[in-house]
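Note sheet for the following structure.
Throughout, read-outs are computed from the coordinates displayed, never taken from laboratory work. Given the structure is predicted, the values throughout are model-derived calculations rather than measurements. Cβ placement follows ideal geometry from the backbone for every residue including glycine, while neighbour counts extend to all protein chains displayed.
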2 protein chains.
Amino acid sequence: MSDRETRHKKAMQKLKSHVDEKIDNATEQRGLLLVFTGNGKGKTTAAWGTVTRALGYGYKVGVVQFIKGLWECGERERLIDDDNLEVQVMSTGFTWETQNRESDTQACQKVWREAERMLADPSVYLVVLDEITYMLKFGYLEFEALKKALDNRPSEQTVIVTGRNAHRELVAMADTVTEMQETKHAFNSGIQARRGIDY
Amino acid sequence: MSDRETRHKKAMQKLKSHVDEKIDNATEQRGLLLVFTGNGKGKTTAAWGTVTRALGYGYKVGVVQFIKGLWECGERERLIDDDNLEVQVMSTGFTWETQNRESDTQACQKVWREAERMLADPSVYLVVLDEITYMLKFGYLEFEALKKALDNRPSEQTVIVTGRNAHRELVAMADTVTEMQETKHAFNSGIQARRGIDY
């Protein structure tokens with residue numbers, strides 16, 4: 001065996017033993033709270049990737065879209081025929097389009113009741129609260145209401161929260177938090193949002 | 001109108017005009033090069049979210065999995081019946097399991113030829129090169145080969161590259177780069193990887 005191969009093999013063995021040790025230490029099994037936050041592309045997209053994954057095993061999934069609900073949305077179209085998927089959308093769409101605090105609050109509260117129902121249902125394996133962070137930021141939804149529903153949810157249920165500026169206490173509660181940071185974005189170089197890629 | 005409502009409306013109008021201006025400035029239309037990198041959860045997941053999205057519009061998609069290919073994988077199962085989806089997987093699976101440089105290089109080159117075919121095919125709207133960054137890092141694939149195939153691809157084709165430690169020149173070439181940073185990960189708190197969520 002050449003020196004290079006020996007070094008490579010050694011490095012791979014070290015990596016393997018590191019990963020194996022981690023796997024051995026991971027013994028707890030329960031539903032997770034995941035937060036995808038930050039200013040970069042990929043938060044909602046990763047949530048839908050997980051939805052696709054869970055549906056692949058036949059699990060029931062609930063998605064509540066707090067902002068992009070009225071947008072054309074390829075991933076919803078692709079999966080919506082799946083009997084195990086329920087999608088609820090906030091009816092006003094982009095809040096900076098409507099600019100009406102009262103009607104936005106009402107629309108938020110209405111769809112939040114659907115979220116609460118999913119978060120109380122042990123048959124729902126995965127709940128996605130897409131862009132709910134903005135509802136907290138704008139004051140359309142109280143953090144305490146979200147916290148209570150998350151704390152009381154069935155132990156096997158996983159929840160994904162997406163959106164920028166995740167509430168500090170939400171981050172503290174979460175099991176897994178990824179900060180999606182924008183290094184660069186095509187949109188800022190004058191390239192149009194692309195069908196099937198960006199929406 | 002109360003002061004709070006006036007302030008809210010003003011803030012929303014400012015946000016709207018900012019977004020509208022960006023939309024007006026975005027006039028270029030072409031396929032994109034996206035890179036999902038960083039040490040956090042969500043890179044492959046966001047790639048599959050985009051796959052689901054593109055399939056939702058009936059576009060053809062090619063996915064090449066350079067590492068996780070032999071893992072059980074819910075998202076692949078959910079979508080594999082779609083005639084518009086082709087998935088190619090590298091046959092050795094996790095490279096730190098095999099620890100054989102020569103057979104890994106051969107396996108990589110074999111599946112790379114499938115990737116090259118997709119990257120030359122104008123009917124393929126989206127190509128995902130999942131975890132290809134490790135192939136560059138381990139020296140199983142030359143960066144120049146990847147660069148050439150990306151440079152010569154059809155102009156309407158979008159490519160997503162995922163994996164940690166993205167090559168500096170690849171980041172420079174890309175239109176959109178998101179660094180998925182791990183704030184925390186359940187696995188490190190002793191919680192097992194979860195079916196339908198993590199794989």
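For B:G38, the amide hydrogen comes within under 5 Å of the amide hydrogens of B:N165, B:A166, B:M180, counting only partners 5 or more places away or on other chains and with H modelled in the peptide plane. For A:K110, the lysines whose Cα comes closer than 18 Å to its Cα, not counting residues fewer than 8 places off in the same chain, are A:K68, A:K137, A:K147, A:K148.
For region A:1-94, the list of GluC sites (Glu not before Pro) that fall in a loop by DSSP and count at most 14 other C-beta atoms within 10 angstrom reads A:E72. Taking GluC sites (Glu not before Pro) across region A:88-178, the ones in a DSSP loop with at most 15 further Cβ atoms lying within 10 angstrom of their Cβ are A:E142, A:E156. Shown for A:E144: label points 7 Å from Cα along the beta-carbon vector, and their distances to the equivalent points in the other copies, 6.6 nm in ascending order.
For B:E21, the point set 7 Å out from Cα toward Cβ sits 5.2 nm from its twins in the other copies, listed from shortest up.
Using alpha carbons only, the radius of gyration of region B:1-41 set against its Kirkwood radius gives Rg/Rh = 1.28. Between the alpha-carbon centres of region A:81-151 and region B:161-177 there is a gap of 34 Å.
Among the chymotrypsin sites (Phe, Trp or Tyr not before Pro) found in region B:1-83, not one is both in a DSSP coil and sparsely packed, with 10 or fewer other Cβ atoms within 10 Å of its Cβ. Each residue of the protein assembly as shown gets 129 Å³ once the volume of the Cα convex hull is shared out per residue. Identify all aspartates and glutamates with a Cα-Cα distance to B:K14 below 13 Å; exclude those on the same chain that are fewer than 8 residues away in sequence. Within the straight-line limit of under 13 Å, B:K14 reaches these aspartates and glutamates: A:E97. Principal axis extents of the Cα atoms in chain A, from largest to smallest and rounded to whole angstrom, are 71, 45, 36.
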